[in-house]
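**Student:** Attaching a single structure in structure tokens format; questions to follow.
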Amino acid sequence: MDFATNKMATTTTNYSPSSSSTSTSSTPHPTTTTTTTTATSSDPMHSWWESISKARSRILSLSSLLPSDPHSSFSISSLADSDRPALSFLSSIEAYNLLSSALSNPGSGSGSDPLCQWLYETFLLQDTHLRFVVLSFIPLLLGLYLSRIHSSDSASSPSLAGFEAVLLAIYSSEAKARGGKAVLVQIPDLSQPSLYHTPRTKVSSTGLSSVGPSVGVLSPPLEPQIAVKSTKRPIIVGVVLDCYFKQISQMPSWSKVELCTFAASWAGQDCVCKDKLDVAKEIHVGIGNGNGYFLENNGYENNGYEIDDAVDEMEKLSIQRNDGTEEAEAKGVRIPLPWEILQPLLRILGHCLLGMLNSQDVKDAASVAVRRLYARGSHDLAPQAILATRSLIQLDNRAREAAKLAAAASANVSSNVNTPSKAKKPEILLVSK
């Protein structure tokens with residue numbers, strides 16, 4: 001964590017009391033300077049231009065760290081000329097792939113890694129859009145970090161202080177934002193007639209007291225951390241995942257797919273338990289000639305036409321060799337999944353699975369990850385994991401069934417509209433004389 005230590009030392013030097021007193025004594029009009037600075041910082045045009053300048057500077061500095069691809073005409077430096085450089089970088093799949101490829105090198109993640117230093121310093125700038133850029137690489141960074149930490153040859157792997165510095169920067173920012181307070185959630189009283197019912201009041205020895213919803217602790221208060229210890233690693237990783245979830249609406253689809261892919265690998269080997277809830281059922285559909293959809297062999301079929309489920313769809317995203325066989329090495333390895341990590345991870349997968357604006361690739365990747373986590377929870381006998389993943393699988397099945405029924409109904413209506421109807425014969429009215 002060389003660059004992290006140097007950065008903290010530099011910050012302490014710049015804002016030490018001795019430096020402040022020296023600059024104040026040498027300034028002839030301190031009041032005027034303070035007024036000018038306040039007026040400049042409150043100017044929206046100045047703030048906008050400062051944000052643009054920061055983004056351009058960071059993108060140009062990154063372009064000097066990444067090797068240029070001779071087979072591609074894309075250049076990261078071209079994004080700096082945009083009106084919104086940070087958002088242009090965030091929405092560029094080419095820029096994401098270029099930086100991801102460099103971060104995935106076997107020697108990446110050390111304390112002297114310039115790319116980790118770039119992510120660390122970019123996040124510390126406290127620019128909203130630049131922080132979105134850093135957060136979009138959290139799935140890849142966590143995937144590489146956790147996979148290398150828990151791999152069989154982790155003892156011989158290089159230092160991962162660079163990855164840890166970025167994680168600690170995000171964790172420290174969230175700890176400062178929470179102000180030492182726990183994240184609470186109100187649990188409604190299920191004894192009431194409805195969630196919106198006014199709680200009853202009961203008379204006690206001290207007077208009237210209302211019976212309201214109970215309060216649960218979603219996340220305990222965060223303690224300051226200066227290093228990623230093995231005992232504190234689940235909490236730090238969970239907080240980083242929670243920060244990603246808070247901004248997930250701003251994250252590109254390829255970042256979400258990468259997180260779902262790593263989550264499926266973290267769950268472990270592919271097991272038949274993941275299809276336990278996809279039992280063969282007959283779902284009657286009241287359309288057309290009354291034919292129904294049938295779930296057979298983990299897929300829906302209607303008159304011989306198979307409707308693939310999420311697992312079949314994700315097979316298209318697996319890595320294939322030239323001879324057509326599936327690559328044996330998966331992306332990521334099996335890791336321990338305590339509740340501190342699994343809880344925010346399931347919230348992210350829930351958004352990816354049920355979000356209205358998510359692409360089908362994101363939903364399919366989340367569907368596979370949730371089913372594998374369900375199998376993992378079943379093997380580990382973890383009640384919280386089983387209940388949460390089971391609910392997500394059932395919601396996914398219902399959403400897919402509703403989508404298929406809507407598509408079939410739409411196709412049936414369109415076929416009826418396009419079918420030409422016979423011309424009616426003119427009616428002959430018989431009039432008696």
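The values are calculated or read from the model by the stated rules, or taken from the named source; none is laboratory data. Because the structure is predicted, anything quoted here is derived from the model rather than measured. Glycine gets a Cβ as well: all are built from the backbone with ideal geometry, and neighbour counts include every protein chain shown. In case anyone asks, the SASA skips ligands and DNA or RNA and just uses the protein heavy atoms, side chains included. Shrake-Rupley method; radii C 1.70, N 1.55, O 1.52, S 1.80 Å.
**Student:** Want the number for Leu125 to Leu218: 0.36 nm per residue separation, take away the alpha-carbon distance, what's left?
**Tutor:** Fully extending the segment from Leu125 to Leu218 adds 30.6 nm.
**Student:** Can I ask one more? If you rank Arg390, Arg376 by how much accessible surface each has, with a 1.4 Å probe, what is the order from largest down?
**Tutor:** In descending accessible area the options line up as Arg390, Arg376.
**Student:** Filter Lys276/Lys404; Lys331/Lys404; Lys176/Lys246; Lys246/Lys363; Lys176/Lys363; Lys54/Lys229 down to the pairs with a C-alpha to C-alpha distance above 27 Å, please.
**Tutor:** Correct reply: Lys331/Lys404; Lys176/Lys363; Lys54/Lys229.
**Student:** At 7 Å along the Cα-to-beta-carbon direction for both His46 and Ser159, put a label point, then send me their distance in nm to one decimal.
**Tutor:** It works out to 4.1 nm between the two label points.
**Student:** Shape verdict for the stretch 67-191, please, from the Cα gyration tensor: rounded (a/c under 1.5), prolate (a/b greater than b/c) or oblate.
**Tutor:** oblate
**Student:** Once the Cβ-Cβ distance between Ala406 and Lys276 is put in as r, and R0 is 35 Å, what FRET efficiency do you end up with, to the nearest 0.05?
**Tutor:** Efficiency, rounded to the nearest 0.05: 0.85.
**Student:** Given labels modelled 7 Å from the Cα in the Cβ direction, how far is it in nm from Leu60 to Gln250?
**Tutor:** Reported label-point gap for Leu60 and Gln250 is 2.4 nm.
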